[in-house]
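The values are calculated or read from the model by the stated rules, or taken from the named source; none is laboratory data. Since this is a predicted model, take the numbers as computed values, not measurements. Using ideal geometry, Cβ is built from the backbone for each residue, glycine included, and neighbour counts are taken over all protein chains shown. All accessible areas refer to the heavy atoms of the entire protein, side chains included, with ligands and DNA or RNA removed. Shrake-Rupley method; radii C 1.70, N 1.55, O 1.52, S 1.80 Å.
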Amino acid sequence: QAKASGRNAMCFFDPQMQTNITNRVALEKDLKLALAENQFMLYYQPQVLHSQKIIGAEALIRWHHPQRGLVPPVDFIPLAEETGLILPIGQWVLETACAQIKSWEDNEHTRHLQIAVNVSARQFHQTDFVEQVSHILSHNDINPANLKLELTESLVLGDINNTILKMRKLREIGIRFSMDDFGTGYSSLSSLKKLPINQLKIDQSFIRDITSDHDDAIIVQTIIAMATSLGMEVIAEGVETEEQRAFLELLGCPAIQGYLFGRPMPIEQFEALLKKG
Ligand code: C2E
Ligand code: MG
Ligand code: MG
Ligand code: MG
């Protein structure tokens, strides 16, 4: 339509675009205050074996906005990445998760539990990321093996040589790595083999139709076989139904995470679940 009305039709004012910008500016302003105002929380989603034994949790950030209510990470993590606010937020996440590991380590029933923490590209590529993490570990005095860092394929491929160096340093300290959303990125097998990864986390898009879509079933089977022969652990995310769980058990995927066993939940609820056994 703009084209039809000729050269004077250039659009100077698009109310929708204006609304989006205003919204974004407001959100960014609020995001800057959120840490100081204690508006973030970590939710914990159980990671389990087929026996329902809980082996750990993924920590997932939640923002309790004073007016907007609960803001999901997809609505603010990208903005936090763009603005650099992800750096202090990411540190807060690591601090909070490690304090939680510490508290679990003090009890013999929970000391084996691992917490997986999502790390953003910008956070990982900071020059002093290794120092930051080792500082948080020693500050909380925890077993580094209980901390698992979830990285994505795009983060890793961004600067692979530098990434390998950093991962090796963190592995020397004793930290573990999981490759999040595995299968959706473009990592080649040759780069995968160079990376000191402990676990592949099969993306939920392959799990969704696993019982009906033959291709998805084959892909998942292949990822499991590959992880196993490369000496890595494997976990499936987004497991919502008993049929999906049973299918994954049949394929030999030992660990699962998803709404079937539990949604991400506040720590009190997670600990209640642990007590129930
Ligand atoms: P992710 O790391 O791949 O996390 C898995 C997402 O799938 C979570 O969404 C989780 O709530 C959701 N999920 C878990 N089980 C199921 C299921 O059975 N069905 C379905 N449909 N979804 C399920 P969430 O919490 O909204 O987080 C979205 C993304 O935001 C995360 O994807 C991660 O990339 C990012 N994120 C979350 N917390 C953090 C954080 O602390 N730091 C950073 N950098 N990113 C984070
Ligand atoms: Mg994750
Ligand atoms: Mg994921
Ligand atoms: Mg994801």
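Data for the structure
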{"quantity": "Count of the range 130-183 residues which are among the small types (G, A, S) and either under 15 Å from the mean Cα position of the chain (by Cα) or within 13 Å of ligand 1 (Cβ to nearest atom) (or both)", "calculated": "3"}
{"quantity": "Scope the range 145-189; condition open to solvent by less than 70 Å² (accessible area, probe 1.4 Å) and under 19 Å from I219 (Cβ atoms); matching residues", "calculated": "T152, E153, S178, M179, D180, D181, F182, G183, G185, S187, S188"}
{"quantity": "Residue list for the range 226-264, restricted to those being modelled with pLDDT under 95, open to solvent by 40 Å² or more (accessible area, probe 1.4 Å) and not hydroxyl-bearing (S, T, Y)", "calculated": "L230, G231"}
{"quantity": "Lone unmet requirement of (1) assigned to a loop (DSSP other than H, G, I, E, B); (2) free of Cβ contacts under 8 Å to residues at least 60 places away in the same chain for I21", "calculated": "(1)"}
{"quantity": "Filter result (of a type in the set (A, V, I, L, M, F, W, C) and without any contact (Cβ under 8 Å) to a residue 24 or more places away in the chain) within the range 207-242", "calculated": "I218, A225"}
{"quantity": "Filtered residues of the range 49-68 (kept if open to solvent by less than 40 Å² (accessible area, probe 1.4 Å), away from ligand 2 (no atom under 16 Å from the Cβ) and in a strand (DSSP E or B))", "calculated": "I54, W63, H65"}
{"quantity": "F206 being surrounded by 16 or more Cβ atoms within 10 Å (Cβ to Cβ), at pLDDT 95 or above and farther than 20 Å from G183 by Cα", "calculated": "no"}
{"quantity": "Out of L70, L87, L33, sole residue that is over 16 Å from N118 (Cα atoms), free of Cβ contacts under 8 Å to residues at least 40 places away in the same chain and within 11 Å of ligand 1 (Cβ to nearest atom)", "calculated": "L70"}
{"quantity": "Residues within the range 101-121 that are away from ligand 4 (no atom under 16 Å from the Cβ) and closer than 23 Å to M179 by Cβ, tallied", "calculated": "5"}
